[in-house]
1. Taking helices (runs of 4 or more DSSP H) that do not extend beyond the stretch 227-322, which have at least 2 residues that are touching a strand residue (DSSP E or B) at 6+ places or on another chain (Cβ under 7 Å) and closer than 27 Å to VAL37 by Cα?
2. Could you grab the pairs with beta carbons closer than 6 Å, sequence gap of 6+ or different chains, first residue in the stretch 200-220 and surrounded by 14 or more Cβ atoms within 10 Å (Cβ to Cβ) and modelled with pLDDT under 80, second one in a helix (DSSP H, G or I) and of a type in the set (S, T, N, Q)?
3. Specify the residue that is nearest to ALA260 (Cα to Cα); the eligible residues are those in the stretch 174-190 that are of a type in the set (Val, Ile, Thr) and buried (at least 19 other Cβ atoms within 10 Å of the Cβ).
4. Anything in the stretch 134-173 that is crowded, with 20+ Cβ neighbours inside 10 Å, modelled with pLDDT under 85 and closer than 27 Å to GLU245 by Cβ? List them, or say none.
5. What do you reckon, is TYR408 on the phi < 0 side of the Ramachandran plot and part of a helix (DSSP H, G or I)?
6. Condition (residue is open to solvent by 10 Å² or more (accessible area, probe 1.4 Å) and more than 19 Å from the chain's Cα centre (by Cα)) applied to the stretch 230-239: is it met by at least one residue?
7. Go through the stretch 407-457 residue by residue and tally those that are modelled with pLDDT under 90, open to solvent by less than 50 Å² (accessible area, probe 1.4 Å) and among the aromatic types (Phe, Trp, Tyr).
8. Any residue in the stretch 139-153 that is over 15 Å from ILE367 (Cβ atoms) sitting within a Cβ distance under 7 Å of a residue that is among the polar types (S, T, N, Q) and part of a helix (DSSP H, G or I)? List the pairs, counting only those 6 or more apart or interchain.
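The values are calculated or read from the model by the stated rules, or taken from the named source; none is laboratory data. Please read these numbers as outputs of a predicted model, since none were measured by experiment. So basically every Cβ, Gly included, is an ideal-geometry build from the backbone, and we count neighbours across all protein chains shown. Note: accessible area is taken over every heavy atom of the protein model, side chains too, but ligands, DNA and RNA are not part of it. Shrake-Rupley method; radii C 1.70, N 1.55, O 1.52, S 1.80 Å.
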Amino acid sequence: STMRKRKTTDSPHSSTDLSEGEEKLRLKQEVGLISGVSLIAGTMIGSGIFMSPEWVLHHMGSPASSLLIWAACGLLAMFGALSYAELGTIIKESGGEYIYILRIFGSFPAFLFAYTSVILVRPAGLAAVCLSFAEYAVAPFYVGCSSPQVVIKCTAAACILLLTIINCLNVRLATSVMNIFTAAKLLALLVIVVGGVVLLAKGQTRSFQNAFENTTAGIGAVGVAFYQGLWSYDGWNNLNYVTEELKKPEVTLPRAVMIAIPLVTCLYLLVNVSYLAAMTPSEVLSSGAVAVTWGDKVLGSWAWLISLSVALSTFGSSNGTFFSGGRVCYIAAREGHMPDILSMAHVRCLTPSPALLFTSAMSLIMIISGSFTSIVNFFSFIAWFFYGMTISGLLYLKIKKPELPRSYKVPIIIPIIVLMAAVYLVLAPIIDQPQIEILYIVLFIFSGVILYFPLVRYKCHPRFLQKVTLHLQLFLEVAPTTRDAN
């Protein structure tokens, strides 16, 4: 593999500012350090920390080992993000894994990633988070009984439509929403942390006596526990999807990572300690929603605050997922791996609105069909397969291309550890408990071959597609964008 040269000339579908002379449409650099920290932390803190602790404890068997898993997941997310930070300072383009795989390994593997991510992974993840939001948002209206599925689905669909409007209107509006909701969810987690400190001060330490008792040591169980924990940390790589929209990316990217991920890791550990201070391990395991049970036990009549916090948290997380997910679709189209219309930006709002609308439509289909549950269960399998490929690309650049300019360098041992973890997380569930769904996912990824050769490699496009693109361009008021020449 050789490092693909980046085109510095303007292309018919390429990134947004106005230059002297000729007008050039580019996505604006609106994301500063605070917004960058909010994008990472705000996407990471979703429904996971309020729901996953019982499953990590279930697979690990003891409180101390479950806390070790949470710490290890945080460390792995930190190592992964630091590795991505170096990639982001070498390849200063938006698109995350997609653009790194494209520049290092070439067109075909990058297309497979874009195809899987745009059609399946991102919409499924967004649909899942929006459904979590909907469940908590409608729960107060159905006290004592389960909420009707049609109401939950309609609320989730309304959530996606609202996010579409916010993100299509203005980048600054979307980042402001992120900042506000991140602050709200951090306050909610602090309430749980303070509650835990008070309980520990009162001597409620039963869960921490013989804390390693009943620990599970099976390779598969540890792998599944990691999957559950890492679902709560997912989003550590989100800033790399919007590199071109960062102010001073070479400084902002590493700094935002170094602030956001340790902050989230510490909060997650303290929140888990608080859960275990309020409840015994058996109570945690029998709880349907551990945060709500904690609220009932500790806050009493103020327990509704926790349900509200989870709803706010999941809405903020879905906004971050939507913000970055739309960029993958936009960048892939700009590189010729998706229809041209998806590479365009709104002429006044300067947002990649066609890509955002497409992501929204795919997510709505998944909510309506309701058949995405098994896909989300294997989200980590797909994610870590491509994370591993991206990290191996960084190792290739560090060994074979040390002369490439980079403002930040990560010690080589860190990407090696992340690559080993990725291989383990992909192989452990297959070896320990092979399931037919994994085969379906692998077949879906490689079904992209059928589309790649006629549409991308040989560019066999139907003639009517140009007319459709032109009409959509006029209807949506969008225009082609130029790639940043950095």
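1. Details: elements: 249-278, 281-286, 290-298.
Those helices (runs of 4 or more DSSP H) span 249-278.
2. THR215/SER65
3. Within the stretch 174-190, the first condition is being of a type in the set (Val, Ile, Thr), and the residues that meet it are 175, 177, 180, 182.
Still in the running and buried (at least 19 other Cβ atoms within 10 Å of the Cβ): 175, 177, 182.
Working: THR175: 15, VAL177: 17, THR182: 11 Å.
Selected residue: THR182.
4. Hit for the stretch 134-173 is VAL171, nothing else.
5. The answer is no for TYR408.
6. no
7. 1
8. Sorted first by the residue in the stretch 139-153, then by its partner, the pairs are ALA139/SER307; PRO140/SER307.
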